[in-house]
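Enquirer: One structure follows; several queries about it will come next.
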Amino acid sequence: MNAYANALLYAIPGFVVLVLIEIAYGHFVKDQKYRFFDTLSSLSSGVTNVLKDSLGLALVLISYPFLVSQLALTQTPTGWPTWVIAFIAIDFAGYWNHRLSHHVNLFWNSHVIHHSSEEFNLACALRQSISNLIGYTAILLLPAALLGVPYQVIAVLAPLHLFGQFWYHTQHIGKLGWLEYILVTPSQHRVHHAINKEYIDKNLGQIFSVWDRIFGTFQEELDEVPPKYGVLKPALTYNPLWINFQHFYNLAFDAWHAKSWMDKMRIWFMPTGWRPADVAACFERSIIEDVYAYQKYHPKETSSRKIIVFIQFLLAIGLLLYFFSQFSSLETEIQLLTGGLIFLMVMGYSSLMDGSKWALFFEGIKLLYLMALYFLIPTFFSDLALPFSLLIGVSSLSAIATNVSLTHE
Ligand SMILES: [Zn+2]
Ligand SMILES: [Zn+2]
């Protein structure tokens, strides 16, 4: 994971700069597509995602190296054809993985974060999951494994394929002529993020749009149907942890209350949104009926709260980049503990954006966490080359500011 952490050290500032350019452009053309807290929530979802991935927090059931070692029928010749075949295979797998994510209750849980913003901009591309804790998607790379595409090629192309999906999360680029027939474009992906009935669950391609045209999920953006963004059951929170596990919680709640064992088992694999009839009758859970009348989630955004949250966000991003710069020289235990600290920072200020008392809970846990490290693993601070006094001082100020913001605003 060292190489991934190293790549992120450069990729993260790159993404942030592009987001800032889009914000500046929106400001100059007087067509701003960003809201302050929503943007910080998107960037913070990116923080939690890269933490989870760089720390390798997933149980891999099926890995590509295993598949290729067992199933390769042939040896793909080295050279550019291998790279082309591999890229197409990754994109084909990506299309089906994405389609499953939209259509199966359990899989939707780990994708919903990407759709949870009610805005559509470059920042929401960074809303990525932390709830994909079981690795099974390599099975979709079966065609590449059968053709004997080496793992090293997949390992290089997979992050590039993911980063290649960033640019089209924008409302400032219109339709792109003949490119629309080949690539997923901003226009097509606006349709994908929209909840209008004409658009829902359409355009599931990742780089090439041909899969949608072949498999019947293509929908053009229509002038008379302006896209409304988000999810039909709004997240109503900026906290990445809640967004990641909200749908899972609802499924577990329904499975627990369902009378039939069959329903308890099958709910996880039924179409997204399916609920057992007896539970749905007892516990109502509303979804958006009229997308045009829906008022976006917009808790209080006072100037002082914005400042407090923004400083806390900068501290978390600063520590994250510092962490990645030190990553390869740190023991696994110190990596995990530092990841935990950054995670608690994100939990604190994202709950404050919601105006939720959970913010104080997370600030308190963060202070206890630092104290526990001080007494139990004192080498943590020297290994990370950050003094305890600095971290506890900053965290105490953060907790005080959070308390003031929650009680006086
Ligand atoms: Zn999607
Ligand atoms: Zn997207």
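The values are calculated or read from the model by the stated rules, or taken from the named source; none is laboratory data. For clarity, every value in this text was computed on a predicted model and none was experimentally measured. So basically every Cβ, Gly included, is an ideal-geometry build from the backbone, and we count neighbours across all protein chains shown.
Enquirer: If you take the residues of segment 148-170 that are of a type outside the set (S, T, N, Q) and within 16 Å of ligand 2 (Cβ to nearest atom), which of them is surrounded by the most Cβ atoms within 10 Å (Cβ to Cβ)?
Expert: Of everything passing the filter in segment 148-170, HIS169 is surrounded by the most Cβ atoms within 10 Å (Cβ to Cβ).
Enquirer: In addition: Within segment 229-240, can you find the residues that are crowded, with 19+ Cβ neighbours inside 10 Å and away from ligand 1 (no atom under 11 Å from the Cβ)?
Expert: Selection gives TYR229, GLY230, ALA235, THR237, TYR238, ASN239, PRO240.
Enquirer: For segment 46-64, check the following and say yes or no: at least one residue is away from ligand 2 (no atom under 16 Å from the Cβ), part of a helix (DSSP H, G or I) and surrounded by fewer than 17 Cβ atoms within 10 Å (Cβ to Cβ).
Expert: no
Enquirer: Taking the conditions exactly as written (out of contact with any strand residue (DSSP E or B) (no Cβ under 7 Å at 6 or more places or on another chain), in a loop (DSSP other than H, G, I, E, B), touching a residue at least 60 places away in the same chain (Cβ under 8 Å) and at negative phi), does SER356 satisfy them or not?
Expert: So SER356 fits the description; yes.
Enquirer: Name the residues in segment 83-111 that are buried (at least 19 other Cβ atoms within 10 Å of the Cβ) and away from ligand 1 (no atom under 16 Å from the Cβ), would you?
Expert: ALA86, PHE87, ALA89, ILE90, PHE92
Enquirer: Let me ask something else. What number of residues within segment 30-45 are in contact (Cβ under 8 Å) with a residue 12 or more places away in the chain and either aliphatic (A, V, I, L, M) or part of a loop (DSSP other than H, G, I, E, B) (or both)?
Expert: Number of matching residues: 6.
Enquirer: So, LEU330, is that one in contact with a helix residue (DSSP H, G or I) (Cβ under 9 Å, 6 or more places away or on another chain) and within 30 Å of VAL184 (Cβ to Cβ) or not?
Expert: Against the criterion (in contact with a helix residue (DSSP H, G or I) (Cβ under 9 Å, 6 or more places away or on another chain) and within 30 Å of VAL184 (Cβ to Cβ)), LEU330 does not qualify.
Enquirer: Would you be able to say whether some residue in segment 150-171 is assigned to a loop (DSSP other than H, G, I, E, B), farther than 24 Å from PRO240 by Cβ and small (Gly, Ala, Ser)?
Expert: no
Enquirer: Name the single residue, out of those in segment 172-221 being among the basic types (Lys, Arg) and part of a helix (DSSP H, G or I), that is nearest to LYS33 (Cα to Cα).
Expert: Within segment 172-221, the match that is nearest to LYS33 (Cα to Cα) is ARG190.
Enquirer: Still on this structure: Tell me which of these ILE90 doesn't satisfy, since it passes every other one: (1) closer than 24 Å to GLU119 by Cβ; (2) modelled with pLDDT of 95 or more.
Expert: (1)
Enquirer: Among the residues of segment 197-206, count how many are within 16 Å of ligand 2 (Cβ to nearest atom), surrounded by fewer than 21 Cβ atoms within 10 Å (Cβ to Cβ) and not acidic (Asp, Glu).
Expert: Looking only at that region, the number is 2.
Enquirer: Another question about this same structure. Can you give me the number of residues within segment 160-186 that are farther than 21 Å from ILE23 by Cβ and within 16 Å of ligand 1 (Cβ to nearest atom)?
Expert: Total meeting the criteria: 5.
Enquirer: Okay, moving on. Output the qualifying pairs, or none if there are none: Cβ atoms under 9 angstrom, residues six or more apart or on different chains, first residue in segment 373-392 and more than 17 Å from ILE342 (Cβ to Cβ) and in the same structural domain as GLN326 (by TED's automatic domain parsing), second residue among the basic types (Lys, Arg) and not in a helix (DSSP H, G or I).
Expert: Close Cβ pairs (under 9 Å, with a partner that is among the basic types (Lys, Arg) and not in a helix (DSSP H, G or I)) do not exist here.
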